[in-house]
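The values are calculated or read from the model by the stated rules, or taken from the named source; none is laboratory data. Just so you know, these numbers come straight off a predicted model, no measurement behind them. Positions of Cβ are backbone-derived with ideal geometry, glycine not excepted, and every protein chain shown enters the neighbour counts. For accessibility, only protein heavy atoms count, side chains too; no ligands or nucleic acids. Shrake-Rupley method; radii C 1.70, N 1.55, O 1.52, S 1.80 Å.
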Amino acid sequence: MTNTVGVLVMSYGTPENMESIEAYYTHIRRGRAPEPEQLKELSDRYEAIVGGVFPLRENTDNQVRALQETLNKDERASDVEFKCYQGLKHAYPFIEDGVEQMAKDGIQSAIGIVLAPHYSTMSVGSYIKRAREKAEEMGIQMSFIESYHLHPKLIQALSTRVSAKLDMFEEAGAKRGDVRVLFSAHSLPARIVDIGDPYPQQLLETSEVIASRLGITNWQFTWQSAGRTAEPWLGPDILDTLQELSREQVEDVLVAPIGFVSDHLEVLYDLDIEAKAIAKEIDMRLMRTDSLNSDPLYMETLSDVILSQWQQGTDV
């Protein structure tokens, strides 16, 4: 009988449909239902995205399916079958559901990975904590991959996207070196800096490697999609950055949201609608790089770190 290893593929999660947005938002708020105006604002954002929430959920499903296919095509997996399970932080199937399904299927050994290349105790760390606790409860031996932000194939995929959009700026008449490249990622509460969290540094490392690979010197890092809480979040926010660049008379800006691996609300709304609206107001040409989604190079990145983890048998 072929040895089967489970792979828990974790991500933030999205609602399945417009009707499930309230339950999704309530879970994010730790059981506190959103105020009517808050619910309307989030629902309006989903409605503003072409196709609503459905493409977002479908995209994650496609990533999990493509990863399983990529893993089982690798010659290093000739004596093992990898079976991928989905575990979402704020929507069904939840992280715990994914682990439970593994147990029902008789999985005894598993590896957990998050669809986010950069580690933070508040993001990836929280996913791993929940998965580890459930795996221990279910008697599954599970190890975890914390980050893969400098994997060569990930860097290649991201660099290709940046270069392709810079080509488009040149075709539109801009000088390549005059385009300001903004690498971005989801902001987190600023207190992570005080505890030495590696998230900001890992993001800078990814940015620096891509810039060096492409010979880009006109770049900076900015944050986006901060939560609306009383505590301060990492900044500057991209909307403020765009205003500052306008004062510097920067006319062409390329956003490379390297902290995100797929098209979802923070990309399709926060960048494609909100940021572009600001850019139009200040007469700035703004483009963003295409998301990785199920790009073969990204699937190979995930597959490679999972296979290396399986071969080593220890956390990386």
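Net charge of the neighbourhood of Asn62, taken over other residues with C-beta under 13 Å away and scored Lys/Arg +1, Asp/Glu -1, is -3.
Note the per residue figure in Å³ for the convex hull of the C-alpha positions in the range 94-160. Mind showing how you got there, number by number?
Numbers: hull volume 6.4 nm³, N = 67.
Dividing the Cα hull volume of the range 94-160 by its residues yields 96 Å³.
If you build the convex hull over the alpha carbons only and average its shadow over all orientations, what do you get for the range 1-136? Give it in nm² to one decimal.
9.6 nm²
About the centre of its Cα atoms, the range 148-191 shows a dipole size close to 240 debye [charges on the beta carbon of Lys, Arg (+1) and Asp, Glu (-1) only; nearest 20 debye].
Rounded to the nearest 20 debye, the dipole size of the range 22-71 about its Cα centre is 220 debye, using +1 on the Cβ of Lys and Arg and -1 on the Cβ of Asp and Glu. Distance from the Cα centroid of the range 205-254 to that of the range 57-101 is 32 Å (rounded to whole angstrom). Helical content of the chain, expressed as a calculated mean residue ellipticity at 222 nm, amounts to -14000 deg cm²/dmol (DSSP H runs of 4 or more residues, -39,500 (n - 2.57) each, divided by residue number, nearest 500). One equal scatterer on each Cα of the range 122-194, no solvent, Debye formula: the resulting log10 I(q)/I(0) at q = 0.11, 0.12, 0.19 Å⁻¹ is -0.54, -0.61, -0.95.
Taking a Cβ cut-off of under 11 Å around Gly51, the surrounding Lys, Arg, Asp and Glu residues balance to a net charge of -2, with basic ones at +1 and acidic ones at -1. I need the phi-derived Karplus couplings for the range 111-125: 6.51 cos²θ - 1.76 cosθ + 1.60, θ = phi - 60°, integer Hz, Gly and Pro marked x. Result, ordered by residue: 10, x, 9, 10, 7, 7, x, 10, 8, 9, 4, 8, 10, 4, x Hz.
Computed from the Kirkwood radius of its Cα pairs, the Stokes-Einstein diffusion coefficient for the range 61-177 at 10 °C and 1.306 mPa s stands at 96 µm²/s. Ordering Phe94, Gly196, Tyr25 by the projection of their Cα atoms onto the charge dipole of the chain, which places +1 on the Cβ of Lys and Arg and -1 on the Cβ of Asp and Glu, puts Gly196 at the extreme positive end.
Relative contact order, whole percent, for the chain stands at 21, derived from Cα pairs under 8 Å and 6 or more residues apart. With a 1.4 Å probe rolled over the protein heavy atoms of all chains, the accessible area of Asp252, Asp97 falls in the order Asp97, Asp252, largest first. Of the Cα atoms belonging to the range 137-247, the radius of gyration and Dmax stand at 17.2, 60 Å. Within the range 70-126, the percentage of alpha carbon pairs spaced more than 13 angstrom apart rounds to 68%.
Taking every Cα-Cα distance in the chain and sorting them into 20 Å bins starting at zero, the pair-distance distribution P(r) comes out as 31, 58, 11, 0 percent.
For the range 162-311, the fraction of C-alpha pairs more than 25 angstrom apart is 32%.
Ordering Ala66, Thr14, His118 by the projection of their Cα atoms onto the charge dipole of the chain, which places +1 on the Cβ of Lys and Arg and -1 on the Cβ of Asp and Glu, puts His118 at the extreme positive end. The DSSP beta bridges internal to the chain are antiparallel in roughly 5% of cases. Computed over the range 1-61, the P(r) curve from all C-alpha pair distances, binned at 10 Å from the origin, holds 20, 44, 21, 9, 6, 1 percent per bin. Ordered from longest to shortest, the equivalent ellipsoid semi-axes for the range 221-287 are 20, 15, 11 Å, each the square root of 5 times a Cα gyration tensor eigenvalue. Using only the alpha-carbon atoms, how far is helix 296-312 inclined from the longest principal axis of the chain? Give it as 0 to 90 degrees, nearest 10. Taking the Cα atoms of the chain, the angle to 296-312 is about 40 degrees.
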